[in-house]
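See below for the structure under consideration.
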Amino acid sequence: MKKDGRSHDHKTLEFIRKNALSRIDAGESASAVMESFGFCRTTAYKWKNARAVGGDKALDSSLHPGPPCKLSDQQKQTVRKWICGKDPRQFGIDFGLWTRQIVQELIRERMNISVSLATVGKILADLDITPQKPLQRAYQRDPVAVARWKEKVYPRIKRQAKREKGTIFFLDEAGFSTDDSRGRTWGKKGQTPIILTDGRRQRVNAISAESPGGGFWYQVYQGKLSSTLFIDFLSDFCRSQPGILHLVIDSLPVHKSKLVQAFLKNNAQHLRLHYLPTYAPDLNPDEFVWHYMKSRGTTKRPLKIGESLKKRVVSDLKAIKKNTELVKSLFLAKSVDYTAA
């Protein structure tokens with residue numbers, strides 16, 4: 001059965017228009033050409049008239065613009081102000097993420113205008129607003145303390161380290177597991193896969209420290225971090241680095257224990273500890289070591305049966321230590337660019 005030419009997509013129709021007129025110009029009959037493409041003969045004359053007025057460009061494919069948007073430019077900017085810098089809870093909605101449905105509802109309630117979800121999507125695209133995975137911040141976070149750290153505390157640490165000819169390092173810990181944190185697998189739609197397991201899994205923890213100049217130190221360990229174990233790590237760290245060390249860490253209770261404070265007192269000539277504001281892990285460049293490993297290294301590549309997770313983690317950390325430029329680049333992220341000030 002002959003296919004109706006009008007059922008083709010826009011690009012195919014553009015090719016047909018240009019090809020058909022080219023064949024007609026070359027001497028073929030309009031009837032034969034148009035029949036071969038599944039169009040009425042008279043359509044060829046409409047295309048010829050359009051070309052006579054607008055040139056070859058008149059034959060180009062173009063999408064119909066559709067009806068005009070119900071929102072004015074000013075109303076679109078109002079929608080932009082709703083989304084940028086605010087969340088739906090500030091508008092009385094018990095949900096913290098923006099969705100097209102929420103925007104659609106606010107437009108209906110506040111502007112008395114009904115629009116489709118497709119129109120909402122087009123409005124957001126026109127406003128250069130795209131779906132993104134948000135960064136999470138603890139509600140206990142103190143923005144005043146964060147600002148003070150960036151503007152006063154860290155610059156003071158930097159001046160002290162320069163005066164003492166010391167080196168600043170940022171330290172952090174992380175855990176790795178053979179479990180997939182998403183808890184999902186792939187399978188046929190409608191048939192939930194069954195995974196047989198004996199409950200055993202590999203787990204390993206790591207601690208690392210990095211400096212803006214590219215210095216890097218790490219250790220891998222099993223089990224929970226204790227004050228004694230942390231002191232062992234600090235001792236190893238001090239032995240591996242020359243000069244006075246300024247170590248920036250978070251306020252984990254282990255980091256502030258009495259045993260650790262006694263160790264610091266006995267090693268005051270070589271080591272200084274500085275504590276980041278609470279609930280502000282994004283201020284620590286060492287966090288990006290773990291992001292890098294989990295997106296490009298250890299958990300990104302599946303372990304084979306019998307392969308050691310610990311060896312994989314050690315291998316990745318060794319590679320990072322050798323890559324000085326990579327370590328330096330971890331201090332360029334926007335959340336930690338205060339370290340370069």
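The values are calculated or read from the model by the stated rules, or taken from the named source; none is laboratory data. All values reported here derive from a predicted model rather than from experimental measurement. Here the Cβ is made from the backbone with ideal geometry for all residues, glycine too, and neighbour counts use every protein chain on show.
Suppose we filter Leu252, Leu273, Leu245 for residues that are touching a Gly at 6+ places or on another chain (Cβ under 7 Å) and of a type outside the set (S, T, N, Q); which single one remains?
Leu245
Looking across segment 12-31, just one residue is free of Cβ contacts under 8 Å to residues at least 40 places away in the same chain, among the acidic types (Asp, Glu) and surrounded by 12 or more Cβ atoms within 10 Å (Cβ to Cβ), and that is Glu28. When Thr130 is tested against the conditions (1) hydroxyl-bearing (Ser, Thr, Tyr); (2) in a helix (DSSP H, G or I); (3) without any contact (Cβ under 8 Å) to a residue 24 or more places away in the chain, the lone failure is (2).
Which is without any contact (Cβ under 8 Å) to a residue 60 or more places away in the chain, in a helix (DSSP H, G or I) and exposed (fewer than 15 other Cβ atoms within 10 Å of the Cβ), of Lys57, Lys70? Exactly one of Lys57, Lys70 is without any contact (Cβ under 8 Å) to a residue 60 or more places away in the chain, in a helix (DSSP H, G or I) and exposed (fewer than 15 other Cβ atoms within 10 Å of the Cβ), namely Lys57.
For segment 230-256, filtered to residues that are in a helix (DSSP H, G or I) and in contact with a helix residue (DSSP H, G or I) (Cβ under 6 Å, 6 or more places away or on another chain), the residue that is surrounded by the most Cβ atoms within 10 Å (Cβ to Cβ) is Phe230.
Within segment 258-283, the set of residues being of a type in the set (Ser, Thr, Tyr) and within 14 Å of Leu171 (Cβ to Cβ) comprises Tyr275 only.
For segment 265-311, give me each residue that is assigned to a helix (DSSP H, G or I), more than 26 Å from the chain's Cα centre (by Cα) and surrounded by 16 or more Cβ atoms within 10 Å (Cβ to Cβ).
Residue satisfying the conditions is Lys310 alone.
Consider Ser240 carefully, then state whether it is assigned by TED's automatic domain parsing to the domain that holds Lys321, modelled with pLDDT of 95 or more, within 21 Å of Thr324 (Cβ to Cβ) and not charged (D, E, K, R). For Ser240, the condition - assigned by TED's automatic domain parsing to the domain that holds Lys321, modelled with pLDDT of 95 or more, within 21 Å of Thr324 (Cβ to Cβ) and not charged (D, E, K, R) - is not met. Note on segment 32-45: residues that are over 18 Å from Thr12 (Cβ atoms) and either surrounded by 12 or more Cβ atoms within 10 Å (Cβ to Cβ) or in contact with a Leu (Cβ under 9 Å, 6 or more places away or on another chain) (or both) total 2. Taken together, the residues in segment 156-206 that are touching an Asp or Glu at 6+ places or on another chain (Cβ under 8 Å) and modelled with pLDDT under 85 amount to 1.
Whether a residue is of a type outside the set (A, V, I, L, M) and modelled with pLDDT of 85 or more was assessed, and Gly38 does not pass this test. Count of segment 204-257 residues, restricted to those that are more than 16 Å from Phe170 (Cα to Cα), under 28 Å from the mean Cα position of the chain (by Cα) and of a type in the set (Val, Ile, Thr), is 2. Filtering Ile113, Ile107 for residues that are under 24 Å from Asp126 (Cα atoms), among the aliphatic types (A, V, I, L, M), modelled with pLDDT of 85 or more and not in a helix (DSSP H, G or I) leaves a single hit, Ile113. Among the residues of segment 1-32, those that are modelled with pLDDT under 85 and in a loop (DSSP other than H, G, I, E, B) comprise Met1, Lys2, Lys3, Asp4, His8, Asp9.
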